[in-house]
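Note sheet for the following structure.
The values are calculated or read from the model by the stated rules, or taken from the named source; none is laboratory data. Because the structure is a prediction, the values reported are computed rather than measured. Positions of Cβ are backbone-derived with ideal geometry, glycine not excepted, and every protein chain shown enters the neighbour counts.
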C-alpha cells in the first residue's frame, strides 16, 4: 500500500514549482490528474536539451518531474470544459495550481466556488509572492526570487557576487513546501473534517532556508560575509587544494580540528594563539588555509579523504554531477529509478521519492503522460459516452 493511496489530486500546474509538488504526491501513491491546455500542454514539455523530443511534447524538463501522473486536456475557456472540471473537483481531495493570483477567479473557478462544489477540497495555490500584498501581481521566475530573497546576495565570494544557485532552488523549494503543506492539511482534515485553502509563496519558502544567516543578521547584527566555498560557522571548514584537485573538509568541532592537525602532521598549530579556539580560527582563516594546503598538496584527494574520515573528520571529494549521480551510495539508496520513454525508445533515469517509508514506500511506477493520453479514460470514468467525447474533441474542448 502507498502512503496516499486513494487520494485524488487535480493538478493545474505548469513548468516547475507545481509539477514538483504534485510529483511528490504522485510518488506517494496519490492519483494525480494533470489538467493541460490542448494546445501544447505544460510548457515544460517543450523544454530540455533534446530538440527532437521537445517537438513531441516530452522534453527532458517534463520527464524530470511528471512520473505517475495522468494527462487530461481541457480548454477551460469553454463552459463545457468547466463542467468537466467541476465533475472532477467533486471527486477530488486536493487541487494544486500555480497561476498568477486572480486567474482562477477570472475562470470562475475560485476556491470559494470550488469549495461549494466539494467542501472537503484542499486547495493549494503556489505563486512567486503569495496571493496578497504589494508584490502579489508581479511576474516571478526562480531567478527573480533568488535575487529578491537575498539568496544571490549571500552566494559567491568578494570577487564573484551576486551569484545565483546553479539550479532553480526557489521553484523547487516552493514545490516541496507546498507538498508538505498539503500533507499537513490532509492530516488535519482526517482528524477534524475541515478542509482549507493553502497560499504558498516561493519567496516565503526560500527564506527560512537561510535561517542561520538571517539569525546572525537580525539577532546578532552580523552581516553575511562572502566566503565563497568556506563555511561561515567554523574553520577549517570549506574547500582546500590537494595534489590532484580539491577536497571539502568540515572540521566544525574542536576535537575534529585537533585530530586534523595530527593527521596532517602539524600538531603545533593546536596551541598557536591564532588557531587555538574556534571563533579565533574563523577570524584567521586566511592565514590558516595556506598552512593546511601546503600539506594537503603533498598527496591526493583520495588519500586525504580516507585518512581524515578514518579519524572522524568529515571530508569528501567534489564530484561532477555525473559522478555524483552514479555514486555507489546513491545506487544503494535507490535514489534514481527509471521509466520507459517511447519518444526515445528506451528507459531513462528519473528520481524516486527521497523519503524511505518502511511500510508505505513510494516509487516511480509509470512514465510521464503523453499530452492528453488519459483524456478519454478519465471522461469515460466521469460518465461521458464515446460519442460525447468525440464531439468534445471536434469542438476543441478537449
Do any helices (runs of 4 or more DSSP H) entirely within the stretch 272-314 hold 3 or more residues that are buried (at least 16 other Cβ atoms within 10 Å of the Cβ) and either modelled with pLDDT of 95 or more or touching a strand residue (DSSP E or B) at 6+ places or on another chain (Cβ under 7 Å) (or both), and if so, which? 285-296, 301-310
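Criterion first (under 23 Å from residue 40 (Cα atoms) and surrounded by 14 or more Cβ atoms within 10 Å (Cβ to Cβ)) does residue 349 satisfy it?
no
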Please pick out the residue among 292, 325, 319 that is farther than 16 Å from residue 60 by Cα and touching a helix residue (DSSP H, G or I) at 6+ places or on another chain (Cβ under 7 Å). 292
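Scan the stretch 135-142 and give yes if some residue there is within 16 Å of residue 95 (Cα to Cα), buried (at least 19 other Cβ atoms within 10 Å of the Cβ) and touching a residue at least 60 places away in the same chain (Cβ under 8 Å), otherwise no.
no
Working only within the stretch 228-244, note down all residues that are surrounded by fewer than 17 Cβ atoms within 10 Å (Cβ to Cβ) and modelled with pLDDT under 95.
228, 229, 233, listed by residue number.
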Looking only at the stretch 349-365, filter to residues that are touching a strand residue (DSSP E or B) at 6+ places or on another chain (Cβ under 7 Å) and assigned to a loop (DSSP other than H, G, I, E, B); which one of those is farthest from residue 64 (Cα to Cα)? 363
Considering the stretch 346-398 alone, what residues qualify as being touching a helix residue (DSSP H, G or I) at 6+ places or on another chain (Cβ under 6 Å) and within 26 Å of residue 176 (Cα to Cα)? 353, 362, 368
Quick test of your reading of the structure: residue 363 fulfils all but one of (1) assigned by TED's automatic domain parsing to the domain that holds residue 44; (2) surrounded by 12 or more Cβ atoms within 10 Å (Cβ to Cβ); (3) within 30 Å of residue 48 (Cβ to Cβ); (4) at pLDDT 95 or above. Name the failing condition by number. (4)
Go through the stretch 156-167 residue by residue and tally those that are in contact (Cβ under 8 Å) with a residue 12 or more places away in the chain and either in contact with a strand residue (DSSP E or B) (Cβ under 6 Å, 6 or more places away or on another chain) or surrounded by 16 or more Cβ atoms within 10 Å (Cβ to Cβ) (or both). 2
For residues in the stretch 315-329 being over 21 Å from the mean Cα position of the chain (by Cα) and within 28 Å of residue 257 (Cα to Cα), which is surrounded by the most Cβ atoms within 10 Å (Cβ to Cβ)? 315
Among (1) farther than 15 Å from residue 306 by Cα; (2) part of a loop (DSSP other than H, G, I, E, B), where does residue 243 come up short? (1)
Quick one: count up the residues across the stretch 17-46 that are surrounded by fewer than 24 Cβ atoms within 10 Å (Cβ to Cβ) and assigned to a loop (DSSP other than H, G, I, E, B). 7
Residues of the stretch 23-57 being without any contact (Cβ under 8 Å) to a residue 12 or more places away in the chain and within 21 Å of the chain's Cα centre (by Cα), in sequence order, are 49
With the structure loaded, tell me whether residue 227 is more than 25 Å from the chain's Cα centre (by Cα) and more than 27 Å from residue 289 (Cα to Cα) or whether it fails that test. no
Pick from the stretch 333-348, criterion in a strand (DSSP E or B) and touching a residue at least 24 places away in the same chain (Cβ under 8 Å), ranking: nearest to residue 366 (Cα to Cα): 339
So residue 245 clears everything in (1) without any contact (Cβ under 8 Å) to a residue 24 or more places away in the chain; (2) in contact with a strand residue (DSSP E or B) (Cβ under 8 Å, 6 or more places away or on another chain) except one condition, right? Which one? (1)
Here are the criteria: (1) under 20 Å from the mean Cα position of the chain (by Cα); (2) farther than 16 Å from residue 373 by Cα. Tell me which single one residue 90 does not satisfy. (1)
Given (1) at pLDDT 95 or above; (2) farther than 24 Å from residue 346 by Cα, residue 49 misses just (2)
Subset of the stretch 213-227, residues surrounded by 11 or more Cβ atoms within 10 Å (Cβ to Cβ) and not in a loop (DSSP other than H, G, I, E, B), comes to 213, 214, 215, 216, 217, 227
